[in-house]
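FYI, it's all coordinate maths here, none of it is from the lab. Here the structure is a predicted model, which means the values were calculated and not measured. Here the Cβ positions follow ideal geometry from the backbone for every residue, glycine too, while neighbour counts run over all protein chains shown.
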Amino acid sequence: MSRAFTYVILGGGVAAGYAALEFVRRRGDAALGELCIISEEAVAPYERPALSKGYLLPEGGARLPAFHTCVGANDQLLTAEWYREHGIELILGTKVISADVRRKTLVTSIGKTINYKTLIVATGARASKLEEFGVSGSDAENVCYLRNIVDADKLVRVMRSSPGGNAIVIGGGYIGMECAAALVANKIKVTIVFPGKYCMDRLFTQKIAEFYENYYTSKGVTFIKGTAVSSLEVSSGMVTTAILRDGRPLPADMVVVGIGARANTALFEGQLTLEKGGIKVNGQMQTSDASVYAVGDVAAFPVKLFGGDARRLEHVDCARRTARHAVAAVLDPTGAAGDIDYLPFFYSRVFALSWRFYGDNAGEAVHFGDLGFSSASSTPKFGAFWVSSGRIAGAFLEGGSPEEYEAIAHAVRRGAAVPDVAQLVREGLAFVVRE
Ligand code: FAD
Ligand code: NAD
Ligand code: ISD
């Protein structure tokens, strides 16, 4: 059996939801019946960041439909009903198992062929598995990953069945740090294990990391750094102990794994040009095949601000903006959409803390504010600027006000000149926030 659509979005995550809204805004009623979204997930697109935050609260956690896209950008809540009303077909719970870019067809796991004129690939990324690092045990009943709502439900279930127990968190990146905070809130004892020298080492400097590590330590979290879990002991389907490389055993009632993500490119390998682990696109989010666009985590796109360097950014703001840009480009082939001009933006919220980062963490880091952790009840404000070729290339700020976040974003966007680094060191945040 086959179906045909003018536009197909492959993947039903954040980027798909924002693309759908942009599509309807641009096409209005003319959109009816033109677009379909195919997703392996059983629910309409939702704001994935909620899964490691509000979803894991011990009481009153966020639940669908409250966090379908596009509420994360303070925009409309798109329920399954919204898609129906706007004539967008949501094909849910359906995995695409092959794609033929030359023939413009997709085949689903139940053997259905879907023809498209234009395809937007929004397949996102998947969580790396322990087995990829030679450790078995991912299938144990108390080992949790966190990529989608099914994973989040398992994590909630396992947390609730381990009150007061020990959680081993493997990985000190975004998932590890956000889940560790949620586990503490659920009264579970947490040990975080990762091979790096400090947490969040893709983004943080050692000084920034030390603040968060001290804060977490004050909440009872133990850090084991510079090593890895080499095996998991499983009994009756449950992990009981995590063994470190040096043989040290760590008792475990549950394990949370956050050891990185891999872009879902497999369907297009050998058909589209790949770069940075993702699908290479131009400034219009168009791939090496003119009928195929790629957005969100899976897309490696040129960042004008970095001289057109291709980046693949695994963050929600990027998914939203690249999705909207692709739809603008697809619906106006005259090129009026122009090339995307994106300011990279990442954020996180843990415990009572909240930070934002803009730009690139390249060059010399100049810290400001009070990085010395004193008490978890204080409201810290600190950060760093990254200075590259005499300009501010990146900025991180914990505990900022909306105006201060705006100011650091603006400084990065305009590449504020830093003729004298000593002045930046002296003035810190005041360098960009003028009265
Ligand atoms: P996704 O949202 O991952 O969506 C991909 C979709 O494609 C999924 O529905 C998937 O099932 C589907 N799919 C894939 N392959 C197929 C196939 N073959 N057939 C059918 N469907 C397929 N970023 C931030 O900036 N701040 C945060 O606080 C933050 N928190 C996060 C918390 C968690 C738990 C996670 C996992 C990520 C978080 N992120 C955060 C990252 C952010 O959510 C991602 O960057 C964003 O979701 C990427 O959007 P996407 O649409 O490209 O991919
Ligand atoms: P990550 O890349 O942020 O962190 C991976 C961590 O795992 C690092 O600390 C790394 O040192 C560690 N690691 C690597 N191999 C290991 C091993 N064998 N044993 C132990 N540790 C190992 O990836 P993540 O935290 O898994 O996040 C997955 C995805 O979700 C990413 O795309 C991330 O951007 C996204 N995410 C983003 C946010 C946010 O932006 N606030 C929040 C949650 C998730
Ligand atoms: O997606 C990301 C992310 O989480 C980072 O820290 O891109 C950056 C790079 O890895 C560093 O700039």
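Quick look at the values:
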{"quantity": "Cα-based shape type of the chain, given that a ≥ b ≥ c are square roots of the gyration tensor eigenvalues and the cut on a/c is 1.5", "calculated": "oblate"}
{"quantity": "Net length gained if the chain between K276 and S109 were fully extended (0.36 nm per residue, minus Cα distance)", "calculated": "57.3 nm"}
{"quantity": "Scattering profile of segment 362-422 at q = 0.16, 0.18, 0.19 Å⁻¹ [log10 I(q)/I(0), Debye over alpha-carbon scatterers]", "calculated": "-0.53, -0.64, -0.70"}
{"quantity": "Additional length obtainable on full extension of the chain from E131 to R262, 0.36 nm per residue less Cα span", "calculated": "45.8 nm"}
{"quantity": "Proxy reagent accessibility, fewest Cβ within 10 Å first, across M200, M285, M177", "calculated": "M200, M177, M285"}
{"quantity": "Fully extended contour minus Cα-Cα distance, from K381 to R25, at 0.36 nm per residue", "calculated": "124.2 nm"}
{"quantity": "Between segment 80-102 and segment 222-256, the Cα center-to-center distance that results, in Å", "calculated": "40"}
{"quantity": "Selection of GluC sites (Glu not before Pro), segment 196-302, meeting DSSP coil and at most 13 other Cβ within 10 Å", "calculated": "E269"}
{"quantity": "Longest site-free stretch - the chain; sites: trypsin sites (Lys or Arg not before Pro), DSSP loop, at most 13 other Cβ within 10 Å", "calculated": "246-433"}
{"quantity": "Over 30 Å (Cα to Cα) - which of K219/K381; K189/K381; K53/K117 fall in this group", "calculated": "K53/K117"}
{"quantity": "Helix-only CD estimate at 222 nm, as mean residue ellipticity for the chain, using -39500 (n - 2.57) per DSSP H run (n ≥ 4)", "calculated": "-6500 deg cm²/dmol"}
{"quantity": "Residue with peak Gaussian network fluctuation, the chain [Cα springs, cutoff 10 Å], from A125, A384, A290", "calculated": "A290"}
{"quantity": "A336/E269 FRET efficiency (R0 30 Å; Cβ-Cβ; nearest 0.05)", "calculated": "0.40"}
{"quantity": "Convex hull of Cα atoms in segment 322-435, direction-averaged projection (nm²)", "calculated": "9.1"}
{"quantity": "Net charge of Cβ neighbours under 13 Å - reference S109; Lys, Arg +1; Asp, Glu -1", "calculated": "+1"}
